[in-house]
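Novice: Questions regarding the structure given below will be posed in turn.
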Amino acid sequence: MSDLREEEGRLAVRLARQSLHSTVTGEQNPLPSLPQVFNEKRGVFVTLTRSGQLRGCIGFPYPVAPLGEAIVNAAHAAAVEDPRFHPVRVEELDSIRVEVTVLTEPVVIEGPAAEREEKVEVGRHGLIVKGRGTSGLLLPQVATEFNWESDEFLNSVCAKAGMAGRCWRDQDVEVSTFEGQIFHE
């Protein structure tokens, strides 16, 4: 899978913005004509912020839908289905910043659990943990925003999954990395 070109990234953000607007206002606008890359199945997250604070973030870590469809659905869900926030209101639309992160397919970190920390590259990797009936995900940009080292990043994704902070050291917990191409307004 190749990276999106800059103009495709700008189109991805416009598509997310259009979906956000349609979701909140109820106005339906026809989708623009999309380049072929938007027909490829890709993982994607749409992040909404307001005044620098998270306002919603939903996505699909695995490539289960064509990118264009996944962006529309993730933007809709970030606006009204993120359980951490009330649905976005019309009066907020102008103050919300949209970010789209297009993901590579997650890859399980193989080998002994104790060596996982050295295989995580802060600033490059996002993380997924799975185990004990739960899972958690943090996008690559989260670690750099908080200035975390790889062990802090791993502990935080465990905490997000509702597990003990050092769950990544247990062999029965699966840890995967992925990369993301970030586009924003």
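Novice: Scanning for something in contact with a helix residue (DSSP H, G or I) (Cβ under 6 Å, 6 or more places away or on another chain), surrounded by 22 or more Cβ atoms within 10 Å (Cβ to Cβ) and without any contact (Cβ under 8 Å) to a residue 24 or more places away in the chain, does region 97-111 turn up at least one residue?
Specialist: So far as region 97-111 goes, no, none of its residues is in contact with a helix residue (DSSP H, G or I) (Cβ under 6 Å, 6 or more places away or on another chain), surrounded by 22 or more Cβ atoms within 10 Å (Cβ to Cβ) and without any contact (Cβ under 8 Å) to a residue 24 or more places away in the chain.
Novice: Would you point out which residue out of G123, G165 is closer than 30 Å to P35 by Cα, at pLDDT below 95 and not polar (S, T, N, Q)? Before you say what the answer is, go through the steps one by one.
Specialist: Values: G165 fails: closer than 30 Å to P35 by Cα.
Among G123, G165, only G123 is closer than 30 Å to P35 by Cα, at pLDDT below 95 and not polar (S, T, N, Q).
Novice: Follow-up question, since we're still on this one. Would you check which residues across region 70-95 are assigned to a helix (DSSP H, G or I) and surrounded by fewer than 18 Cβ atoms within 10 Å (Cβ to Cβ) and list them? So that I can check it myself, show each step before the final result.
Specialist: Step one: of region 70-95, the residues assigned to a helix (DSSP H, G or I) are 70-80, 90-95.
Those that are assigned to a helix (DSSP H, G or I) and surrounded by fewer than 18 Cβ atoms within 10 Å (Cβ to Cβ): V80, V90, E91, E92, L93, D94, S95.
Novice: For G133, state whether it is open to solvent by less than 80 Å² (accessible area, probe 1.4 Å) and small (G, A, S). I'd like the intermediate steps shown before the answer.
Specialist: Working: open to solvent by less than 80 Å² (accessible area, probe 1.4 Å): no; small (G, A, S): yes.
Answer is no for this residue.
Novice: I've got another one for you. Of all residues in region 160-180, which are hydrophobic (A, V, I, L, M, F, W, C), open to solvent by less than 60 Å² (accessible area, probe 1.4 Å) and more than 13 Å from E121 (Cα to Cα)? I'd like the intermediate steps shown before the answer.
Specialist: Kept after step one, since they are hydrophobic (A, V, I, L, M, F, W, C), are these residues of region 160-180: 161, 163-164, 167-168, 173, 175, 178.
Okay, now just the ones that are also open to solvent by less than 60 Å² (accessible area, probe 1.4 Å), so 161, 163, 167-168, 173, 175, 178.
Matches in region 160-180: A161, M163, C167, W168, V173, V175.
Novice: Identify the residue in region 1-51 that is surrounded by 12 or more Cβ atoms within 10 Å (Cβ to Cβ) and acidic (D, E) and, among all such residues, is nearest to E91 (Cα to Cα).
Specialist: Checked region 1-51; the qualifying residue nearest to E91 (Cα to Cα) is E8.
Novice: I'm trying to understand the selection: among the residues of region 57-69, which are touching a Lys or Arg at 6+ places or on another chain (Cβ under 7 Å) and crowded, with 17+ Cβ neighbours inside 10 Å? Working first, answer last.
Specialist: Of region 57-69, the ones touching a Lys or Arg at 6+ places or on another chain (Cβ under 7 Å) are 63-67.
Hits for region 57-69 are P63, A65, L67.
Novice: How about region 146-158: which of its residues are closer than 21 Å to F60 by Cα and either in contact (Cβ under 8 Å) with a residue 24 or more places away in the chain or surrounded by fewer than 16 Cβ atoms within 10 Å (Cβ to Cβ) (or both)? Even if it seems obvious, please write down each step before you answer.
Specialist: Keep residues of region 146-158 that are closer than 21 Å to F60 by Cα, which gives 153-154, 156-158.
If the condition is that a residue be closer than 21 Å to F60 by Cα and either in contact (Cβ under 8 Å) with a residue 24 or more places away in the chain or surrounded by fewer than 16 Cβ atoms within 10 Å (Cβ to Cβ) (or both), then F153, L154, V157, C158 are the ones that fit.
Novice: OK, next. Here's a check for you: in region 23-57, which residue that is touching a residue at least 24 places away in the same chain (Cβ under 8 Å) and part of a helix (DSSP H, G or I) is nearest to A74 (Cα to Cα)?
Specialist: Here the residue is T23.
Novice: Let me ask another. Limited to region 132-185, what total is found for residues that are among the small types (G, A, S) and closer than 30 Å to E8 by Cβ?
Specialist: Taking region 132-185 as the starting set, the residues that turn out to be among the small types (G, A, S) are 133, 135-136, 143, 150, 156, 159, 161-162, 164-165, 176, 180.
After this cut, where a residue has to be closer than 30 Å to E8 by Cβ as well, the list is 135-136, 143, 176, 180.
The total comes to 5.
Residues checked against (1) at negative phi; (2) part of a strand (DSSP E or B); (3) aromatic (F, W, Y):
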position: V98; (1), (2), (3): yes, yes, no
position: T101; (1), (2), (3): yes, yes, no
position: E105; (1), (2), (3): yes, no, no
position: G111; (1), (2), (3): no, no, no
position: G123; (1), (2), (3): no, no, no
position: I128; (1), (2), (3): yes, yes, no
position: G136; (1), (2), (3): yes, yes, no
position: Q141; (1), (2), (3): yes, no, no
position: D151; (1), (2), (3): yes, no, no
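Novice: Surrounded by 21 or more Cβ atoms within 10 Å (Cβ to Cβ) and aliphatic (A, V, I, L, M), is that true of L54?
Specialist: Here the answer is no, as L54 does not meet what is asked.
The values are calculated or read from the model by the stated rules, or taken from the named source; none is laboratory data. These numbers were taken from a predicted model, which means no experiment stands behind them. As a convention, Cβ positions derive from the backbone with ideal geometry for all residues, glycine included, and neighbour counts pool all protein chains shown. For accessibility, only protein heavy atoms count, side chains too; no ligands or nucleic acids. Shrake-Rupley method; radii C 1.70, N 1.55, O 1.52, S 1.80 Å.
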